[in-house]
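Trainee: Sharing a structure below in structure tokens format, with a few things to ask.
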Amino acid sequence: MIGSYLAGHVSAAAAVVISIALMLFTGFAATRVTKRLRLPDVTAYILSGILLGPCCLGLVPQTVIDGMDFLPDVALAFIAFSTGEFFQFSTLKKNGLRVVVVTVAESLLASAAVFALTWGVLGLDLSFSIVLAALAASTAPASTMMTIRQLGAKGPFVDTLLQVVALDDVVGLIAYSVAISVALAAAAGSGGFSLASVLKPVAVNTGVLVLGGLFGGLLKLLMPKKRSTDNRLIVSVALLFAFCGICALVDVSPLLGCMSMGTVYMNLTGDEKLFRQLNYFSPPILLLFFVRSGLSFQLGDLFSASGAVGSVPLLTVGVLYFVVRIAGKYAGAWLGCLAAGSPKEVRNWLGLALIPQAGVAIGLAAMGARTLGGEAGSALETIILASSVLYELVGPGCAKLSLYLSKSYPSTLEEAVPEEAIPESRGKAPVEVLIARIQAIQAELPARENRPSEEELAFLEAAQSQLAAIGPRRGDTARRRF
């Protein structure tokens, strides 16, 4: 095996660099296939990691896989910080509590359904059940957003959906932070909970939340208007890494703190540009993280039971988790919309669009696996990885179905442009009405522009500032010589 050769016959530095190159290139190559199948990139990264890992080709040494244990912290730090952009107090006041009610209902009911299944029905370990139930709260909005853009959907259903998926991962992060504290307290308590074992992790996470807010204020102080765009990126990444390091020293999750850091910075400055820069900087880090998650996937564990969590085979747990979480999401979205007074089209079909699960759940599973440790941690990560692939396979289809059933996009030409929207349609021939409809649709289409995204523009601006700081370009020097 190439992985064994790299581990035993080359230097450690060479093995790491070659492994990273393999992970990056294989992850990119896999997306060429999944894009044709209209699947999200996360699916490609996970599958490429499984292919490179010990259960398939074994191209990456186990020592390298173990040495990348820091990736979940770094990847989730970027994800959690970016959620702060959606926690603008002005936006929350404008939208009121309706979206918050729907989001909390669909997230927590999915978690409650999974906990009832794993602990109440299957009799799995309490700590394991608590953490797995918390992971059920998060949603992966990427495939849903992609479907909305492809169909050009709009209306009250789409407005509610976009607001819910923006807050959904925030609820998932908070649910996980609370759950891991309770799970550790349950594991530490002999014969039940003790007050100290419950209050200590709650106090620690509260301290992390406050510290993250202070880091957000510090980030604002270090970002004066005269700060160049390249240094803005350097300072923000340095503070994120520093915060993760502090949390690692005291062995606590940085999630709530990074989210607090992003929230405080956004509300103090309103600086969306920094988030765009970080979003364009983070893809290679997230690719490595997801590929590394695939490398850690134990395919053989799916077909056996883990003694640390119960006697039920993990494949059975994974399939039931897949089904029950969908039911919980749908029921929670329905009840939340009912309580918030949402229209019938939103209430009946919102749950279908909240099925996908990938990025945040996989990152939280990796952190939970490290916290729980042993067979329980490995079982947690195996179930989440396997179910995430399934969710990403069925998610886009369910999202498209929900948009169709909620009448968020027209399926016929007559629905797209009704006769009432055509001036003097009664006196026109059918062909003239058809031409008028086509012209109306063309007028609404945006002009095709090969412009880079906002994230790319923000990152390129930082790169150009850095080049200018290094020195004049060779072309400029050559021109001055002549």
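Trainee: For segment 266-303 and segment 212-251, write down the distance between their C-alpha centroids in whole Å.
Mentor: If you average the Cα positions of each part, the centres end up 18 Å apart.
Trainee: Would you mind calculating the gained length between Leu338 and Ala13 on full extension (0.36 nm times residue separation, minus the Cα-Cα distance), in nm to one decimal?
Mentor: 111.3 nm
Trainee: Tell me, what is the per residue accessible area of segment 194-300 in Å², probe radius 1.4 Å?
Mentor: With all protein chains present, segment 194-300 gives 45 Å² per residue.
Trainee: Report the full-extension gain for the segment Leu299 to Leu57: residue separation times 0.36 nm, less the Cα-Cα distance, to one decimal in nm.
Mentor: 85.8 nm
Trainee: Okay, next question. Cross-link list Lys154/Lys344; Lys154/Lys273; Lys35/Lys407; Lys200/Lys329; Lys35/Lys273: which exceed 20 angstrom alpha carbon to alpha carbon?
Mentor: Checking Cα-Cα distances, Lys154/Lys273; Lys35/Lys407; Lys200/Lys329; Lys35/Lys273 exceed 20 Å.
Trainee: With labels modelled as points extended 7 Å from the Cα through the Cβ direction, what inter-label distance (nm, one decimal) is found for Ser228 paired with Leu97?
Mentor: Computed distance between label sites Ser228 and Leu97 equals 5.0 nm.
Trainee: At 7 Å along the Cα-to-beta-carbon direction for both Val33 and Asp271, put a label point, then send me their distance in nm to one decimal.
Mentor: So the label points at Val33 and Asp271 sit 4.2 nm apart.
Trainee: Ignoring ligands, DNA and RNA, what percent of the 1.4 Å accessible area of segment 194-293 is carbon and sulfur?
Mentor: Carbon with sulfur: 71 percent of the solvent-accessible area.
Trainee: Using the beta-carbon distance between Val121 and Val178 and R0 = 22 Å, what value does 1/(1 + (r/R0)^6) give for FRET efficiency, to the nearest 0.05?
Mentor: 0.45
Trainee: Stretched out fully, how many nm does the piece from Ala327 to Asp66 gain, at 0.36 nm a residue minus the Cα gap?
Mentor: Length gained between Ala327 and Asp66: 90.4 nm.
Trainee: Can you give me the distance in nm between label points at Gln88 and Val312, each placed 7 Å from the Cα along the Cα-to-Cβ direction?
Mentor: The answer from the label model is 4.3 nm.
The values are calculated or read from the model by the stated rules, or taken from the named source; none is laboratory data. Since the model is a prediction, treat every value here as computed from it, not as a measurement. Backbone-built Cβ (ideal geometry, glycine too); neighbour counts: all protein chains shown. Heavy atoms of the whole protein, side chains included, go into the accessibility calculation; ligands, DNA and RNA do not. Shrake-Rupley method; radii C 1.70, N 1.55, O 1.52, S 1.80 Å.
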